[in-house]
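Since the structure comes first, as structure tokens, the remarks are kept for the end.
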Amino acid sequence: MSKLNQARTVPYDFRVFERDGAVWLFDNSCRTYICSSEPTIWAEPLYWVDGECDDILHDSGYFAARAIDVENCPKIELDVGMDAPEKETWDDAREEAHANHRI
């Protein structure tokens, strides 16, 4: 039986990390295996660390899970349940990270 489109069984766990001068947002509860047994994490850039850079932010993408030190990544606290729609939850996490989790 396929697991696609089934209800979430793990709570959201949004965190931020710094890489290449940008702050990135990811959901630590979600891993993807792209043609490999190595897990990857989808992350999207939020803002430049220095805040002064006029360059366009990097594209969103996958990072090897082992390349991110999750224990040292600040957690984004959200008051959402596992049944919350993913798009709206990502929007809430982006907003919270911008407002209160400047690295």
Practice task
For the range 34-63, enumerate the residues that are β-branched (Val, Ile, Thr) and at pLDDT 90 or above.
Solution key: Thr40, Ile41
Exercise for the section: May I ask you to list the residues in the range 35-65 that are surrounded by 11 or more Cβ atoms within 10 Å (Cβ to Cβ) and either part of a helix (DSSP H, G or I) or among the β-branched types (Val, Ile, Thr) (or both)? Expected result: Thr40, Ile41, Val49, Ala65
Practice task
Mind telling me which of the residues Arg66, Arg31 ends up being farther than 19 Å from Ala99 by Cα, modelled with pLDDT of 90 or more and not aliphatic (A, V, I, L, M)?
Solution key: Arg66
Practice task
Restricting attention to the range 27-37, report how many residues are closer than 16 Å to Arg8 by Cβ and either in contact (Cβ under 8 Å) with a residue 60 or more places away in the chain or among the aromatic types (Phe, Trp, Tyr) (or both).
Solution key: 1
Practice task
Please specify each residue of the range 3-34 satisfying the condition of being assigned to a loop (DSSP other than H, G, I, E, B), under 17 Å from Ile68 (Cα atoms) and polar (S, T, N, Q).
Solution key: Asn28, Ser29
Exercise for the section: Could you list all residues from the range 73-95 that are in contact (Cβ under 8 Å) with a residue 24 or more places away in the chain, under 16 Å from Val23 (Cα atoms) and not in a loop (DSSP other than H, G, I, E, B)? Expected result: Lys75, Trp90, Ala93, Arg94
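The values are calculated or read from the model by the stated rules, or taken from the named source; none is laboratory data. Quantities reported herein were computed from a predicted structural model and do not represent experimental measurements. Note: ideal-geometry Cβ built from the backbone for every residue, glycine included; neighbour counts use all protein chains shown.
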